[in-house]
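Peer 1: Got a structure here, written out as structure tokens. Questions coming.
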Amino acid sequence: MKNTSVPRLDGTAPLSARFPAWACDVWGVIHNGVRPVEPTIAALTRHRRAGGLVILLTNAPRPAAAVRAQLDEIGVAHAAYDAIVSSGDVTRALLAARPGQKLYHLGPDRDKPLLTGLDAPLTPVEKAEYVLCSGFYDDENETPEDYRPILERMRECNLPMLCANPDIIAGRGGRQIYCGGALARLYEQLGGEVTYAGKPYAPIYEMAEKRFSELAGRPVGRADMLAIGDGVATDMGGAVAAGIAALFIASGIHAEEAGEQEGVDALFRDWPRRPLGWQHVLHW
């Protein structure tokens with residue numbers, strides 16, 4: 001009988017030599033939106049000290065520099081990572097491919113760095129050629145239904161949407177908040193066309209693979225990479241689709257569903273290829 005269990009790992013030290021390039025999720029893994037997860041910071045730091053590389057692979061809808069600034073505010077040590085590849089970086093590349101096209105931005109002002117230096121003139125919905133969705137204006141109080149009227153207007157104008165953050169929800173402290181992916185999903189339900197940057201889609205993994213190779217000074221392939229994350233659909237699904245080994249962190253966004261071994265196995269029961277293991281919290 002085929003074993004369908006995802007093994008629980010006592011530590012990640014044995015994975016360091018096997019997978020020298022770690023692509024680690026941010027929210028729910030290295031911090032909870034408020035403070036760092038210290039065992040995870042220690043594990044990433046030890047992997048780097050052992051000669052490994054760490055790229056933080058995040059669906060944050062902001063460029064890497066803005067993500068780093070936020071990590072500094074939270075207190076994530078620079079020793080834990082070599083570089084950041086964000087959904088915002090992928091988004092900027094997609095925006096740059098549409099020079100001069102009029103854009104409606106659906107999202108908070110803190111995401112405006114996405115547009116810095118790009119030929120992407122902002123305009124009202126009625127004059128736009130496409131939409132950039134980066135998230136909610138007030139993610140602690142609003143729901144997707146609050147945006148139904150503006151999404152319906154966008155649909156009436158037949159505007160394609162670029163979603164800078166495919167995540168549906170994320171954890172902040174002890175609560176869950178909606179992300180841009182929740183708006184994109186509703187827009188699709190209304191019949192709108194959506195292009196997604198970030199996990200689980202291919203471009204962010206291609207960008208990470210290229211960045212690993214630059215950092216190493218030699219080609220780094222997907223067999224060298226380990227994806228670490230708490231999102232089943234995004235982190236794990238994206239890694240599996242990209243041909244990258246994956247380590248599931250059960251204390252993040254799926255904490256209530258995952259629980260212990262039985263819950264983790266249930267999350268991945270129907271997957272033809274499952275994560276190589278799981279931990280509650282990433283630790284060495």
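Only the coordinates and a few stated rules stand behind these numbers; no lab work does. Keep in mind the model is a prediction, meaning the values are calculated, not measured. Here the Cβ positions follow ideal geometry from the backbone for every residue, glycine too, while neighbour counts run over all protein chains shown.
Peer 1: Would you mind computing Rg(Cα) / (2.2 N^0.38 Å) for segment 90-196, counting N as its residues?
Peer 2: 1.02
Peer 1: Highest mean first, how do 111-120, 226-235 rank when packing is the count of other Cβ atoms within 10 Å averaged over residues?
Peer 2: The packing order, highest mean first, is 226-235, 111-120.
Peer 1: Pairs of Cα atoms under 8 Å, at least six residues apart: use those to get the relative contact order of segment 78-205, whole percent.
Peer 2: Relative contact order, segment 78-205: 26 percent.
Peer 1: Around ILE84, which amide H atoms from residues at least 5 apart in sequence, or from another chain, sit under 5 Å from its own amide H, with H modelled in the peptide plane?
Peer 2: Those qualifying (amide H under 5 Å, at least 5 residues apart or on another chain) are LEU56.
Peer 1: Same structure, new question: How big is the gap, in Å, between the Cα center of segment 1-50 and the Cα center of segment 153-195?
Peer 2: 29
Peer 1: Among ALA266, VAL125, ALA246, which residue has its Cα furthest toward the positive end of the charge dipole of the chain, with +1 on Lys/Arg Cβ and -1 on Asp/Glu Cβ?
Peer 2: My answer, from the dipole projection, is ALA246.
Peer 1: Using θ = phi - 60° and the Karplus form 6.51 cos²θ - 1.76 cosθ + 1.60, what ³J(HN,Hα) does each residue of segment 91-97 get, whole Hz, x for Gly and Pro?
Peer 2: 4, 4, 5, 6, 5, 5, 7
Peer 1: Please report the Cα spread of the chain along all three principal axes, rounded to whole Å, starting with the longest.
Peer 2: Projected onto the principal axes, the Cα atoms of the chain cover 56, 42, 34 Å.
Peer 1: May I pose another question? Can you give the FRET efficiency to the nearest 0.05 for SER5 and LYS127, using r as the Cβ-Cβ distance and R₀ = 45 Å?
Peer 2: E(calc), rounded to 0.05, equals 0.25.
Peer 1: ³J(HN,Hα) across segment 155-172 via Karplus (A = 6.51, B = -1.76, C = 1.60, θ = phi - 60°), whole Hz, x for Gly/Pro?
Peer 2: 5, 4, 7, 6, 8, x, 10, 9, 9, 7, 9, x, 4, 7, 9, 9, x, 9
Peer 1: Hey, another quick one. ALA227's amide H: which non-local residues (gap 5+, or another chain) put their own amide H closer than 5 Å, with H modeled 1.01 Å from N in plane and none for Pro or chain starts?
Peer 2: Those qualifying (amide H under 5 Å, at least 5 residues apart or on another chain) are ALA23, ALA245, ALA246, LEU247.
Peer 1: Mind giving me the nanometre distance, one decimal, between the label points for ALA17 and ARG148, set 7 Å out from Cα along Cα→Cβ?
Peer 2: Once both label points are built, they end up 5.8 nm from each other.
Peer 1: Taking the Cβ-Cβ separation of GLU214 and ARG269 as r and a Förster radius of 30 Å, what is the calculated FRET efficiency to the nearest 0.05?
Peer 2: Efficiency at R0 = 30 Å is approximately 0.20.
Peer 1: Given +1 on the Cβ of Lys and Arg, -1 on the Cβ of Asp and Glu, and no further charges, what dipole in debye does segment 77-143 carry about its Cα centre, rounded to the nearest 20?
Peer 2: Approximately 360 debye in magnitude.
Peer 1: Please report the Cα spread of segment 185-284 along all three principal axes, rounded to whole Å, starting with the longest.
Peer 2: Sorted from largest, the Cα extents of segment 185-284 read 44, 41, 23 Å.
Peer 1: What does the charge dipole of the chain about its Cα centre add up to, to the nearest 20 debye, if the Cβ of each Lys and Arg holds +1 and the Cβ of each Asp and Glu holds -1?
Peer 2: Computed charge dipole of the chain: roughly 920 debye.
Peer 1: Roughly how big is segment 193-270's charge dipole about its Cα centre, with Cβ charges of +1 (Lys, Arg) and -1 (Asp, Glu), in debye to the nearest 20?
Peer 2: The calculation lands at about 500 debye.
Peer 1: If you average the sequence gap of Cα pairs under 8 Å that are 6 or more apart and divide by the length of segment 143-201, what percent do you get for the contact order?
Peer 2: Relative contact order for segment 143-201 comes out at 41 percent.
Peer 1: Then there's this: Taking θ = phi - 60°, what integer Hz values does the Karplus form 6.51 cos²θ - 1.76 cosθ + 1.60 yield along segment 220-230, in sequence order, with x for Gly and Pro?
Peer 2: These are the phi-based 3J(HN,Hα) values: 10, x, 6, 5, 8, 9, 10, 8, 10, x, 10 Hz.
Peer 1: Right, here's the next one. Once amide H atoms are placed 1.01 Å from N in the peptide plane, what residues at a sequence separation of 5 or more from VAL194, or on another chain, have their amide H within under 5 Å of its amide H?
Peer 2: For VAL194, the qualifying residues are MET161.
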